[in-house]
Amino acid sequence: MVLFFALTAFAIAIAGATAFVIFWPLALVHIRDRHPQITAELGEGAFLKPKALWWLLRGDYRGTPDRGLSGLATPSRISLLVILGGIAGGGLLWLVGNAL
């Protein structure tokens, strides 16, 4: 049963990855088109750059008074947290399942 829950956690991580792949590129295009200072900070091709992902996880987009950016970056941040939580939970449950 523990391994079933581990697989469920990994499935949740995959669902988070699907949402991330939808919202994060839209947020990056919005940043590229309307916020050149953030584009310079994140760099070109920021999709999987650690600096850009930390920027997203910290919620630094909230410092910019742009509701459109917040509306795209917030689901990206939530989906990234779901990915990390799903992988961590699935990995922990997998370790517990193998120990039993």
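Any chance the range 41-59 includes a residue that's touching a His at 6+ places or on another chain (Cβ under 8 Å) and part of a helix (DSSP H, G or I)?
Pass one, the range 41-59, residues touching a His at 6+ places or on another chain (Cβ under 8 Å): none.
For the range 41-59, residues touching a His at 6+ places or on another chain (Cβ under 8 Å) and part of a helix (DSSP H, G or I): absent.
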- Pull up the range 64-94, narrow it to residues that are surrounded by fewer than 19 Cβ atoms within 10 Å (Cβ to Cβ) and touching a Leu at 6+ places or on another chain (Cβ under 8 Å), then point me to the one that is nearest to Leu53 (Cα to Cα). Leu81
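Given the criterion in contact (Cβ under 8 Å) with a residue 24 or more places away in the chain, under 13 Å from Ile31 (Cα atoms) and of a type in the set (Asp, Glu), identify the matching residue among Asp66, Asp60. Show your work before the answer.
Working: Asp60 fails: in contact (Cβ under 8 Å) with a residue 24 or more places away in the chain.
From the options Asp66, Asp60, the qualifying one is Asp66.
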- Got a number for residues in the range 20-41 being over 16 Å from Gly68 (Cα atoms) and in contact with a Leu (Cβ under 8 Å, 6 or more places away or on another chain)? 1
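Only one of Ile83, Ile78, Ile22 is modelled with pLDDT of 95 or more, closer than 30 Å to Leu100 by Cα and either in contact with a strand residue (DSSP E or B) (Cβ under 9 Å, 6 or more places away or on another chain) or hydrophobic (A, V, I, L, M, F, W, C) (or both). Can you tell me which? Quick ask: steps written out before the conclusion?
Details: Ile78 fails: closer than 30 Å to Leu100 by Cα; Ile22 fails: closer than 30 Å to Leu100 by Cα.
Exactly one of Ile83, Ile78, Ile22 is modelled with pLDDT of 95 or more, closer than 30 Å to Leu100 by Cα and either in contact with a strand residue (DSSP E or B) (Cβ under 9 Å, 6 or more places away or on another chain) or hydrophobic (A, V, I, L, M, F, W, C) (or both), namely Ile83.
State the number of residues belonging to the range 26-48 that are surrounded by 14 or more Cβ atoms within 10 Å (Cβ to Cβ) and free of Cβ contacts under 8 Å to residues at least 40 places away in the same chain.
Of the range 26-48, the ones surrounded by 14 or more Cβ atoms within 10 Å (Cβ to Cβ) are 26-28, 30-32, 35, 38-39, 41-42, 46.
Filter again for free of Cβ contacts under 8 Å to residues at least 40 places away in the same chain, leaving 28, 31-32, 35, 38-39, 41-42, 46.
Number of matching residues: 9.
The values are calculated or read from the model by the stated rules, or taken from the named source; none is laboratory data. If you're wondering where the values come from, they're calculated on a predicted model, not measured in any experiment. In this analysis, Cβ positions are derived from the backbone assuming ideal geometry, glycine residues included, and neighbour counts consider all displayed protein chains.
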